[in-house]
Amino acid sequence: MNRQVYTRDEFAARFDIPEPTLREWEKMKLLKPVGFTDEKAPLYAEGMIEKLKHIQSLENLGYGPEEIQKIIKKVGLPRSGEKKGRDAGHDQYLTIGDLAERVGVSARTIKHWEDKGIIEPDMRTEGGFRLYSKVFIYLCELIRDLQLFGYTLEEIKKISGDFRDFLALKDKLEAFPKNEAERKLEGMLAEIKGLYDRINLLKEGIDRWENLLKKKKKEVLNLKNKNQKREKKAAAKRKEK
């Protein structure tokens with residue numbers, strides 16, 4: 001979805017707020033970050049400007065932080081365009097290195113998937129750092145699994161697109177025209193059936209290989225035992241001589 005977010009120092013510089021003041025507002029919960037990186041660095045969204053201006057206007061009227069805190073408890077702050085009922089302050093965003101480590105791939109692999117249009121960052125800081133919500137851990141694990149199943153990157157791109165469409169439909173179904181939503185959902189069901197068929201073939205292949213490997217392991221162990229016995233017999237003969 002590519003929303004613009006800022007680290008604390010970027011947000012303070014962009015909107016001309018002393019960083020100690022911003023830290024104090026955070027501490028008093030006057031202004032809550034939309035999320036945090038894995039290093040616990042707070043992140044702020046551009047949509048929070050309304051709340052920021054409201055706090056500043058109260059300050060300009062001569063209210064101190066504690067008084068502002070009481071006022072906000074009574075009347076609240078203006079709502080931004082963010083989804084109601086969602087406590088964005090509990091979100092945690094991952095850097096590309098964090099995401100790569102969680103999934104068990106290299107950061108270069110994540111960038112390669114981006115270059116191919118399979119995934120895109122959830123957000124970017126003003127400084128250009130890619131940030132991903134935690135759902136990307138699951139998505140990237142699926143991408144890695146599909147590669148193991150023999151899917152091409154183009155095939156994976158289609159499935160990844162379906163996955164993102166599903167999240168968008170689940171989040172706000174009414175935002176899509178009925179026919180478009182129906183078409184997307186039918187396409188997803190067809191894709192799921194195709195995945196099931198391919199997974200079943202893979203399971204059959206795994207069963208064959210497990211049986212084959214068990215049999216061959218037993219045969220190899222038997223040969224190893226024979227070989228060791230042969231060496232013992234040879235050693236015994238040498239002693240007799």
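Quick note: the coordinates plus some simple rules give every number you see, no bench work behind them. Given the structure is predicted, the values throughout are model-derived calculations rather than measurements. Ideal geometry is used to build each Cβ from the backbone, glycine not excepted, and the neighbour counts take in all protein chains shown.
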- Additional length obtainable on full extension of the chain from residue 15 to residue 235, 0.36 nm per residue less Cα span: 70.6 nm
- Taking all pairs of distinct Cα atoms, average 1/r, flip it, and tell me the Kirkwood hydrodynamic radius of the stretch 96-175 in Å to one decimal place. 13.2 Å
- Once label points are set 7 Å from the Cα along Cα→Cβ at both residue 188 and residue 50, what is their separation, rounded to one decimal in nm? 2.9 nm
- Task: Among DSSP beta bridges lying fully in the chain, give the percent that are antiparallel, nearest 5.
- Result: 65 percent
- Item | Cα-Cα P(r), the stretch 179-223, percent of pairs per 10 Å interval | 25, 24, 19, 15, 11, 6, 1
- Message: Under 22 Å between alpha carbons, and skipping anything fewer than 8 positions from residue 232 in its own chain: which lysines qualify?
- Response: 218, 224, 241
- Message: Just to check, using Stokes-Einstein with a Kirkwood Rh over alpha carbon pairs, what's the diffusion coefficient of the chain at 4 °C and 1.567 mPa s in µm²/s?
- Response: 57 µm²/s
- 222 nm mean residue ellipticity, helices alone, for the chain (DSSP H n ≥ 4; -39,500 (n - 2.57); rounded to 500): -21000 deg cm²/dmol
